[in-house]
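As C-alpha cells, the structure follows; a few thoughts come after it.
Just so you know, all these numbers are worked out from the coordinates, no wet-lab data involved. In this text, all values refer to a predicted model and were calculated from it rather than measured experimentally. Cβ sites come from the backbone with ideal geometry, for glycine too, and all protein chains shown count toward neighbours.
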Amino acid sequence: MHPISDPWFYAAAIPAVALVGMSKGGFGGTMAMLGVPLMALVVSPLQAAGIMLPILIVMDVVALIAYKGKADWKTISILLPAAALGIGIGWAAAAYVDDAFVTLLVGVTAVAFVVDYVFKQRKRTEASGHSLIKGTFWGSIAGFTSFISHTGGPPFQMYTLPLRMAPTLFVGTGVIFFASVNVIKLVPYFLLGQFDTTNLATSVTLFPVALVATLAGVYLVKIINPQTYYNIIYVFMGIIGLKLTYDGIVDLFL
C-alpha cells in the first residue's frame, strides 16, 4: 500500500483535512465545507471524497463517544431516510457522469452555499415544528451534497436551526445523523472503486493531521471569534467554488 506521493496533493490535502478536523473539534460544519473542494484542485472530486471518508468516520467515532445519548430522534427519523435517497442520487450521478460534471456539481454547490450565507434571512426567534415535507427535501439535499463533497452541513442546518434545539442536543443530533450518513456512503463509495490501496493508504497518512486538527479545534474555538473565522472561510469557499465551476464548464463545453 503506497499513498499518493505528489507534493502538490499534500499542499492541498493537509490544509483540507486540518479544516475538517477543526470543524469536528467545535467550529461546526462551515470549515468542513472546504475539505473536498480544496482537494479537488489537485485530484478528482470523487477521489478527494473517497480519501476523506475514512478520515471522517474516525472523527465520527470520537464525536459519538463525546455526545452519547444526546440526540433528537424525531429529527433523525425524518432526515435520515431522505438522506439515504440523496446518497443514492449522488451515487447515480457519480457512476454515470465524468469527472468534469462532478467538478461542476461541487463548484456550483460551494458557490450556492456562499450565496445563501451572504443573503440568508435573519434567524427566527421562535422554534418551528417538524415538517415531513421540509425534512424530506432538506434531508435529500444533505445526503446528495454529502455524497459528492461531504458538504451536507448547510442543508441539515436549514432544517434543524428553526427547531431551536438546545446547543448540546443540536450538536449531538448532527453527530449521529452524519455518522449514519457516512456509514451509508461506504457501500456506494466501495462500488465506485474509491477504496483502493492508494486512497486508503493516503487516508491513513493523513490521520495524524486530522487528530491534531480536531484537538486544535477544541482549543481554538474557546479563544477565537468563530463568526470572524467563518467569514474568512466563506471567502475562500467562494473563490474555490468559482474556480471549480469554471474548470467544470471549460472541460464540459469548451
Would you mind checking which residues have amide H under 5 Å from GLY152's amide H? H placed 1.01 Å from N; only 5 or more apart, or other chain.
SER146
Charge tally in the Cβ shell below 13 Å around VAL102, where Lys, Arg are +1 and Asp, Glu are -1, VAL102 excluded:
-4
Taking the highest mean first, how do the peptides 198-209, 168-179 order by number of other beta carbon atoms within 10 angstrom per residue?
168-179, 198-209
Excluding LEU79 itself, calculate the net charge of residues whose Cβ lies under 13 Å from the Cβ of LEU79, where each Lys or Arg counts +1 and each Asp or Glu counts -1.
+1
Net charge near PHE170, counting Lys/Arg +1 and Asp/Glu -1 over other residues with Cβ under 12 Å of its Cβ?
+1
Under a point-charge model restricted to the Cβ atoms of Lys and Arg (+1) and Asp and Glu (-1), what is the dipole moment magnitude of region 7-253 relative to its Cα centre, in debye to the nearest 20?
940
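I need the peptides 92-101, 152-161 ranked by packing, meaning the mean over residues of other C-beta atoms within 10 angstrom, with the highest value on top.
Working: 92-101: 14.3, 152-161: 21.4.
Highest-to-lowest ranking by the protection proxy: 152-161, 92-101.
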Starting from the Cα of SER128, move 7 Å in the Cα-to-Cβ direction to define the label point; list residues of region 156-173 whose amide nitrogen is under 11 Å from there.
158-164
